[in-house]
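Asks: First the structure, then my questions, so here it is.
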Amino acid sequence: MRYISMSIVAFAIWLLWSGHYTFDHTLILILGILSCGFVVYLVSRLDIVDEEGIQINLARHLIVYIPWLLWAIFKANIDVAKRILNPKLPIAPRIVRVKGTQKTDLCRVIFANSITLTPGTVSLDLDEEEIVVHALTEEAADDVQSGDMDHRVTTLEQ
């Protein structure tokens, strides 16, 4: 199943980048399918895909998570811009430790990257149990420690 889904993803990416969507270019489409199949064959022979490599079950939850993350990034951008433009607003940098409830390495990395993508916070260190985060403000630190993002990333594993 893993190699079938990898083949589908590889062909979809090839199709997107090649721009050949019609059967007018049948030979090119056939060569694209063959090249994607050959790449997947090589990957399977080299045994370089781990168990977490392709998780199709993430896709259905990502449809909900990505818009939420984009909204969180937008709000954090506005907050950081306000603080830059108005020097009276406080900037109080701090380091906080956040426990992650994710079971897989992939979701722990998604959580750490989501923190870093949100302006005003940067993931400094990631280990099995927690993430060390630098927050620009007390509010940003509170947002990270509230557990909302952690919970949303944890639902990706289900």
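Condition check ((1) out of contact with any helix residue (DSSP H, G or I) (no Cβ under 8 Å at 6 or more places or on another chain); (2) closer than 22 Å to residue 64 by Cα) across all residues:
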position: 111; (1), (2): no, yes
position: 114; (1), (2): no, yes
position: 122; (1), (2): no, no
position: 138; (1), (2): yes, no
position: 158; (1), (2): no, yes
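Asks: Which is within 13 Å of residue 75 (Cβ to Cβ) and either surrounded by 14 or more Cβ atoms within 10 Å (Cβ to Cβ) or in the same structural domain as residue 100 (by TED's automatic domain parsing) (or both), of 120, 147?
Replies: Values: 147 fails: within 13 Å of residue 75 (Cβ to Cβ).
Testing whether each residue is within 13 Å of residue 75 (Cβ to Cβ) and either surrounded by 14 or more Cβ atoms within 10 Å (Cβ to Cβ) or in the same structural domain as residue 100 (by TED's automatic domain parsing) (or both) leaves just 120.
Asks: Could I ask something else about it? Is it fair to say residue 60 is modelled with pLDDT under 90, exposed (fewer than 12 other Cβ atoms within 10 Å of the Cβ), closer than 26 Å to residue 108 by Cβ and basic (Lys, Arg)? Even if it seems obvious, please write down each step before you answer.
Replies: Working: modelled with pLDDT under 90: yes; exposed (fewer than 12 other Cβ atoms within 10 Å of the Cβ): yes; closer than 26 Å to residue 108 by Cβ: yes; basic (Lys, Arg): yes.
It is true that residue 60 is modelled with pLDDT under 90, exposed (fewer than 12 other Cβ atoms within 10 Å of the Cβ), closer than 26 Å to residue 108 by Cβ and basic (Lys, Arg).
Asks: Out of 5, 44, which single residue is under 24 Å from the mean Cα position of the chain (by Cα), more than 30 Å from residue 144 (Cα to Cα), at pLDDT below 85 and in a helix (DSSP H, G or I)? Full working, then the answer.
Replies: On the way: 44 fails: under 24 Å from the mean Cα position of the chain (by Cα).
When all the criteria are applied, what remains is 5.
Asks: Quick check: anything in segment 71-94 within 23 Å of residue 131 (Cβ to Cβ), surrounded by fewer than 11 Cβ atoms within 10 Å (Cβ to Cβ), modelled with pLDDT of 90 or more and under 25 Å from the mean Cα position of the chain (by Cα)?
Replies: yes
The values are calculated or read from the model by the stated rules, or taken from the named source; none is laboratory data. What you are looking at is a predicted structure, and each value in this text was computed from that prediction instead of being measured. Heads up, the Cβs are rebuilt from the backbone with ideal geometry, glycines too, and the neighbour counts pull from every protein chain shown.
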